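Any read-out appearing in this document is the output of simple, stated calculations on the displayed coordinates, not a laboratory observation. Quick caveat: nothing in here was measured; it's all calculated off a predicted structure. Every residue, glycine as well, gets a Cβ built from its backbone with ideal geometry; the counts of neighbours run over all protein chains shown.
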Amino acid sequence: MAIAAAALLVLLIGIGLLLFRSRKGQRSGGHLPSGPRPLPLLGNLLQLDLQDMSRALLTLSKRYGPVYTIHLGPRPSVVLCGYRAVKEALQDQAEEFSGRGDMPFLVRINQGNGLFMSHGEQWKVLRRFTVHTLRDLGVGKRSLEQRIQEEAQCLVQELARTQAAPFSPTILSRAVFNVICFIVFGQRFDYEDRNFLTLVGLITQNFHLLSSQWGQMYSIFPGLMYYLPGPHNRFFQNFKQLRLFLLEQVKMHQESFNPNCPRDVIDCFLLRMEQEKHDPQSYFHMEGLVITAHSLFLGGTETTSTTLWSGFLILTRHPEIQARVHAEIDRVIGRHRSPCAEDRVHMPYTDAVIHEMQRFTDIVSLGMTHRVIRDTYFRGFLLPKGTNVIPLLLSVHNDPTQFNDPDTFDPAHFLDERGGFRKQAAFMAFSTGKRMCPGEGLARMELFLFFTTVLQHFTLTPLTRPEEIDTSHQRGECGYKPRPSKFCAVSR
Ligand code: HEM
């Protein structure tokens, strides 16, 4: 292992020299905040624990303050730590900080298409399209709510089938995937459908590859890692398969397409393609469609299902909290009708538990890298146009000026003295500012409906004593991934 690491280091230094010369977008000038002294080419790589990148960046902020510069390889990024710094940048100077930073994985597969990686006019057009399409397809409305309620019932049946034997998180993933399948393809799949399981497997693996150590090495040294063997290459092989699957779906849609009655995201996109077919500058073309569909799967599945899974795991660790949620469900909803979105306002404790689940688990703990779209003055520094910015969401959710005792899972972080739900400005699971997650409304509806429906029917029980359950995240992931775990759903 040590030899492999040394060999990798030598390779990095050698080939990094080439990268250093050729790397586009390398900026000079400006007045960046200080930070740990970088080594040539490697930057601060040796000072960072790649197995726990977001914690490592948080630790550095104790020494260098809430705004500092880190070199990931040769390129500097400005790290924002704590609620104030993130808010002042992403909210108060929202336009300046609205660019998307380096994310080489997505750059390579997106080829200039799609919402995640676009900038300027293209980003505005695609963002508007995504938000409007999600709304037109029922996000925030009764129609989609009913679809999620039905999916939640399928999930309950699936859990009942386990007969209180331990189950794995894939059961939850399938329910969440089906919601995105419904939005993108206009249909749900049987949980055992072969194509469906392939789709779930490929997206899930890619989501975790993005935040794995190999993924981070690719993000830092894309030019070099492109030529090296390793698990990161799996991401691109998976994407090739996904692309074919998505193209197949598009072909089926084209055969039954009716411009007067768009059924789902694919139809809405096909409609725009039709309307703009004479415009050579249009962002609506076949590759754009594939990437848009892929972005919704990548952004909208593992995030939601991992939140649910880790939330349930936490409840097995805290049976007293689970008992209070059960009591609130029984009082407000009862056992004989499905939970609906309107119930949330009458269920402050459950709402607080779900928010605390999101705060505590920090699924996107590093945040997604931003970039300043013009030379930007910030807290006395001058960030040249194109500077990468890392809004460290973990640091916002662990900011002791915003949350008492942030290391503890405590729904009271979101409750007032009278037990009512209390909004927290520092709750940024979906980030904040112009690039804030466009799927927030959908994710919140799913989290509430799946969470309450499962707990209406089941008590979640651990396989060990509750105090032995480890709810910390798995090393080697810069986003949150719970440790491999199983628990049981016992009918109530
Ligand atoms: C619990 C669930 C979710 C969490 C925690 C989450 C979190 C995030 C975060 C932190 C970002 C980065 C925002 C930034 O750049 O500052 C993001 C972006 C994004 N999310 Fe989500 N998300 C979730 C669910 C969803 C869903 C359901 C969808 C789609 C239906 C979605 C689609 C996207 C897209 C397309 C972007 C890129 C937006 C852009 O670059 O303008 N997400 N999300």
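If you wrap a convex hull around the C-alpha atoms of region 119-189 and split its volume per residue, what is the figure in Å³?
About 101 Å³ per residue, rounded to a whole number.
With each run of n ≥ 4 DSSP H residues scored as -39500 (n - 2.57), what mean residue ellipticity at 222 nm is computed for the chain after dividing by its residue count and rounding to the nearest 500 deg cm²/dmol?
About -16000 deg cm²/dmol.
Would you please classify the overall shape of region 282-421 from the alpha carbon gyration tensor, given that a ≥ b ≥ c denote the square roots of the eigenvalues, rounded means a/c under 1.5, and beyond that prolate means a/b larger than b/c while oblate covers the rest?
oblate
Taking +1 at the Cβ of each Lys and Arg and -1 at the Cβ of each Asp and Glu, which of S173, T307, Q402 sits farthest along the dipole of the chain towards its positive end, judged by Cα position relative to the Cα centre?
Farthest towards the positive pole: Q402.
Decide, for region 366-469, between rounded, prolate and oblate: order the square roots of the alpha carbon gyration tensor eigenvalues as a ≥ b ≥ c, take rounded if a/c falls under 1.5, and otherwise choose prolate if a/b is larger than b/c, else oblate.
Here region 366-469 falls in the prolate category.
So for the chain: antiparallel DSSP bridges make up what percent, rounded to the nearest 5?
So the antiparallel bridges amount to about 85 percent of the total.
Mind listing the long-range amide H neighbours of T376? Cut-off is under 5 Å, sequence gap 5 or more, other chains count too, H placed in the peptide plane at 1.01 Å from N.
Amide H neighbours of T376: L383, K385.
For R100, which sequence-distant residues (separation of 5 or more, or a different chain) have an amide H within less than 5 Å of its own amide H, given hydrogens modelled in the peptide plane?
R371
What residue among P438, M117, G35 has its Cα farthest toward the positive end of the dipole of the chain, where the charges are +1 on Lys, Arg and -1 on Asp, Glu, each on the Cβ?
So the residue we want is G35.
Report, as a whole number in µm² per second, the diffusion coefficient that Stokes-Einstein gives for the chain at 37 °C and 0.692 mPa s using the Kirkwood radius over alpha carbon pairs.
Stokes-Einstein gives a translational diffusion coefficient of 138 µm²/s.
Using a 10 angstrom Cβ neighbour count of at most 16 plus a DSSP loop assignment to flag exposed GluC sites (Glu not before Pro), which longest range of the chain is free of such sites?
Formally, the longest exposed-site-free interval is 277-416.
What size of dipole, in debye to the nearest 20, comes out for region 108-251 about its Cα centre when the only charges are +1 on Lys and Arg C-beta atoms and -1 on Asp and Glu C-beta atoms?
Here region 108-251 has a charge dipole of around 380 debye.
In region 202-330, with Lys and Arg counted as +1 and Asp and Glu as -1 at Cβ, which of these residues, F221, P262, L246, has the Cα nearest the positive end of the dipole, that is, farthest along it?
F221
Whole Å is fine, so just give me how far the alpha carbon centre of region 319-351 lies from that of region 366-436.
Result: 28 Å between the Cα centres.
Quick check on region 223-344: take the gyration tensor over C-alpha atoms, sort the square-rooted eigenvalues as a ≥ b ≥ c, and tell me if it's rounded (a/c under 1.5), prolate or oblate.
It comes out oblate by the Cα gyration axes.
With N residues in region 80-237, what two-decimal value do you get for its Cα radius of gyration over 2.2 N^0.38 Å?
My calculation over the Cα atoms of region 80-237 gives 1.29.
Quick one: check the C-alpha center-to-center distance for region 290-312 versus region 203-233, whole angstrom.
About 19 Å separates the Cα centre of region 290-312 from the one of region 203-233.
Could you name the lysines in cross-link range of K240, using Cα to Cα under 19 Å and dropping any fewer than eight places away on the same chain?
Cross-link targets: K251.
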